[in-house]
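Since the structure comes first, as structure tokens, the remarks are kept for the end.
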Amino acid sequence: TMSSCSSSKSTAKPKKIRAVKSPKDPRRRCAPASVAYVGDSVYEMHCRTVMCNHGAKLTPASLHEQTQRLVTAEAQASALRAIEGMSWLTPDENDVARWGANGSVGALPRRLRGKDGVATYRKATGFEAVVGWLHLTEQYERRDAFMQAAIDHLISDEDL
């Protein structure tokens with residue numbers, strides 16, 4: 001008998017080979033939005049800390065305004081694009097960014113309901129997923145370096 005594997009006219013697409021995820025990898029047990037949720041809070045706390053350390057004389061309202069400038073979806077999407085452009089991310093981090101960006105998108109904020117809103121929101125979710133994944137996998141030095149690279153880009157970016 002002839003097995004189906006030896007058929008020369010197979011129409012099945014070859015399976016994509018993926019890295020094996022460790023049992024501790026959050027991608028095995030959490031939805032992308034959940035990992036991004038953790039990343040969002042970790043990143044905002046980091047930004048608040050940075051602003052407090054660098055703006056000793058700022059009022060709470062001014063600290064809030066400066067922090068918000070760094071944590072918007074537009075800012076996060078811009079930072080991830082810049083970091084990707086520097087080829088700084090590891091293959092796993094690139095996978096996590098794609099995984100987070102391709103997860104289900106809930107309700108968009110009103111300011112993002114325009115032309116490029118969904119793409120911006122997805123890219124920002126990818127950014128948050130990387131932060132959350134690095135945090136949940138206890139890669140704290142890499143997480144902090146990633147967040148600092150984002151902040152350095154955003155502070156030097158004249159458009160923000």
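Values quoted throughout were computed directly from the atomic coordinates according to the rules given, and no laboratory measurement underlies them. None of these values were measured; they are calculated from a predicted model. With ideal geometry, Cβ positions are generated from the backbone for all residues, glycine too; neighbour counts draw on all protein chains shown.
Over 10 Å intervals from 0, what percent of Cα-Cα pairs in region 116-160 sits in each interval?
Here the calculated profile for region 116-160 is 26, 44, 27, 2.
Give the residue from Val71, Ala97, Ala82 lying farthest towards the positive end of the charge dipole for region 48-103; charges sit on Cβ (+1 for Lys and Arg, -1 for Asp and Glu) and the dipole is referred to the Cα centre.
Val71
Along each principal axis of its Cα atoms, how long is region 25-160 end to end? Whole angstroms, biggest number first, please.
44, 36, 26
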